[in-house]
Amino acid sequence: MKYYMPVRVFDEKECVRNHADDIASFGRKALVVTGRSSSFSNGSYDDVKQALDDSGIDHEVFSEVEENPSTDTVLGAKERYASAGIDFVIGIGGGSPMDAAKAIALVLKHPEADPEYLYDPSRPSDALPVICVPTTCGTGSEVTGVSVLTRHDKKTKISMTHKVFPDLALIDGKYLRSASKTLIINSSVDALAHLLESALNAKADDYVQMTASAGLKLWAQTKDVLTGDREPSDEDRALLMRSSALGGMSIAGCGTSIPHALSYTLTYDMGLAHGRAVGYFLPGFVQAAVQKEREALLELAGFSDAGDLKSFIFKVFDGQVIPSEHLTRSFETVKNNPAKMKSASFEVDEQVLKKIVFG
Ligand code: NAP
Ligand code: ZN
């Protein structure tokens, strides 16, 4: 067994300001990577700017990361900043800017990189140092080496081959105060999927089970916030962020499984938010698992059975209907991917996959 999670994590109130010296330790000039607007209104950019200014660290801002960022965006940032003397990269936001920040840190270290570089395992994976400040509660990207990028040439999303773990993750639930209910639901269902897909993963070992179980227990405490039965408190926001980070640590150990693999073409074809696309397949996936494992995990997450999970997903997503042609593309993509078909801890053949996708 191997446990590799090389990210220094601080999960506390005001952690960006508290750790200004840690941020400053990475060099003299930072590239701050954000989405288009949320980081400038939820306080996360202000905190990072203050920390950098207090230490006399110069910075540039690249605020053009779209949702489900593309390889074009990553390479575009490299063209702009390759000669700017950047020492380290700070990704602020949801999974999109954090994933983009990792890929940008890689290509800034290798200015000769072209789009193929991102997917070429024979090329070096060393990158500029990366700091991540999450402002959503689902991807756990702040603790994974994964960067999921949209490939317009293939009309889907594919994770970069290279693993670029952040050096520092600064987690503060206060950045969720501005998040809409929809964003919290979408991202928390993504966190739930990471926790369940890793616990039910063929590669899950005791270390993965440890982080997944801990994350599911925390996740269960905020379930009634997601169903709208309770308004979130700051303590809930901290738990939402923490269960997301534990989900990230879990998938860092074993990768995701069938629901994630099925989701990517749905997001590309329909523009469906990542958590929504993944969540659609989650009840069917869990239902297909071995009964004993399924029951233990559902209990940890606060569900009485797989039907209860299905009702929850139906409720929080208002009964999402996916046109059958899109489901068929998801099905065909995963059916033809032998590694993904073997990624669950239980057997998934064509019939089982059909049931997960079409019910
Ligand atoms: P996201 O795509 O990063 O952001 C979704 C939306 O939420 C954006 O419009 C963003 O606005 C807004 N937003 C972010 N934080 C906010 C806040 N605190 N308050 C208000 N609005 C806020 O969403 P995400 O679900 O976190 O990330 C999804 C991406 O992560 C997908 O590409 C997915 O494939 C990837 N992912 C990566 C991993 C991994 O291990 N690396 C795991 C799972 C998923 P702005 O654009 O203005 O910032
Ligand atoms: Zn995900």
Could you tell me whether any residue of the stretch 328-340 is free of Cβ contacts under 8 Å to residues at least 40 places away in the same chain, open to solvent by 10 Å² or more (accessible area, probe 1.4 Å) and touching a Leu at 6+ places or on another chain (Cβ under 9 Å)?
yes
Against the definition (open to solvent by 30 Å² or more (accessible area, probe 1.4 Å), in contact (Cβ under 8 Å) with a residue 24 or more places away in the chain and within 13 Å of ligand 2 (Cβ to nearest atom)), how does Y268 come out, yes or no?
no
Looking only at residues that are among the polar types (S, T, N, Q) and under 11 Å from the mean Cα position of the chain (by Cα) in the stretch 160-191, which one is nearest to ligand 2 (Cβ to nearest atom)?
S187
Number of the condition not met by T135 [criteria: (1) farther than 19 Å from V7 by Cα; (2) away from ligand 2 (no atom under 14 Å from the Cβ); (3) touching a residue at least 60 places away in the same chain (Cβ under 8 Å)]:
(1)
Got a sec? Which of S343, S311, S304 is over 15 Å from V278 (Cα atoms), touching a Cys at 6+ places or on another chain (Cβ under 9 Å) and modelled with pLDDT of 95 or more?
S343
Any chance I104 is assigned to a strand (DSSP E or B) and either open to solvent by less than 10 Å² (accessible area, probe 1.4 Å) or not assigned by TED's automatic domain parsing to the domain that holds S25 (or both)
no
Against the conditions (1) open to solvent by less than 40 Å² (accessible area, probe 1.4 Å); (2) touching a strand residue (DSSP E or B) at 6+ places or on another chain (Cβ under 7 Å); (3) closer than 26 Å to K154 by Cβ, where does I23 fall short? Just the number, please.
(3)
Among (1) over 19 Å from L327 (Cβ atoms); (2) free of Cβ contacts under 8 Å to residues at least 60 places away in the same chain; (3) part of a helix (DSSP H, G or I), there is one condition P232 misses while meeting the rest; what is its number?
(3)
Return yes or no: is A202 closer than 30 Å to S122 by Cβ, among the hydrophobic types (A, V, I, L, M, F, W, C), out of contact with any Phe, Trp or Tyr (no Cβ under 7 Å at 6 or more places or on another chain) and not assigned by TED's automatic domain parsing to the domain that holds S25?
yes
Within the group V32, V65, V89, V61, which residue is β-branched (V, I, T) and surrounded by fewer than 21 Cβ atoms within 10 Å (Cβ to Cβ)?
V61
Checked against (1) within 10 Å of ligand 1 (Cβ to nearest atom); (2) of a type in the set (G, A, S); (3) open to solvent by 50 Å² or more (accessible area, probe 1.4 Å), S83 satisfies every condition except (1)
Specify which of the listed residues (S304, S311) is in a loop (DSSP other than H, G, I, E, B), open to solvent by 60 Å² or more (accessible area, probe 1.4 Å) and not charged (D, E, K, R).
S304
Would you say L298 is open to solvent by less than 10 Å² (accessible area, probe 1.4 Å), within 14 Å of ligand 1 (Cβ to nearest atom) and not in a loop (DSSP other than H, G, I, E, B)?
no
Do we have D99 as within 16 Å of ligand 2 (Cβ to nearest atom), in contact (Cβ under 8 Å) with a residue 24 or more places away in the chain and either open to solvent by 10 Å² or more (accessible area, probe 1.4 Å) or part of a loop (DSSP other than H, G, I, E, B) (or both) here?
yes
What's the number of the only condition in (1) within 16 Å of ligand 1 (Cβ to nearest atom); (2) open to solvent by 30 Å² or more (accessible area, probe 1.4 Å); (3) of a type outside the set (V, I, T) that S244 fails to meet?
(2)
Pairing a residue in the stretch 155-176 that is closer than 18 Å to K340 by Cβ and among the hydrophobic types (A, V, I, L, M, F, W, C) with any residue that is open to solvent by less than 10 Å² (accessible area, probe 1.4 Å) and in a helix (DSSP H, G or I), where Cβ atoms lie under 8 Å and the two sit 6 or more apart in sequence or on different chains, gives M160/K102; M160/A103; M160/L106; M160/L118
Looking at the stretch 61-83, I want the residues that are at positive phi and have a partner that is within 16 Å of ligand 2 (Cβ to nearest atom) and assigned to a strand (DSSP E or B) with Cβ atoms under 8 Å, at least 6 apart or on another chain. Which pairs are those?
N68/V148; N68/T150; N68/K157
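The values are calculated or read from the model by the stated rules, or taken from the named source; none is laboratory data. Keep in mind that this is a model prediction, so the values were computed, not measured. Quick reminder, even Gly has a Cβ in these numbers, built from the backbone with ideal geometry, and neighbours come from all protein chains shown. Heavy atoms of the whole protein, side chains included, go into the accessibility calculation; ligands, DNA and RNA do not. Shrake-Rupley method; radii C 1.70, N 1.55, O 1.52, S 1.80 Å.
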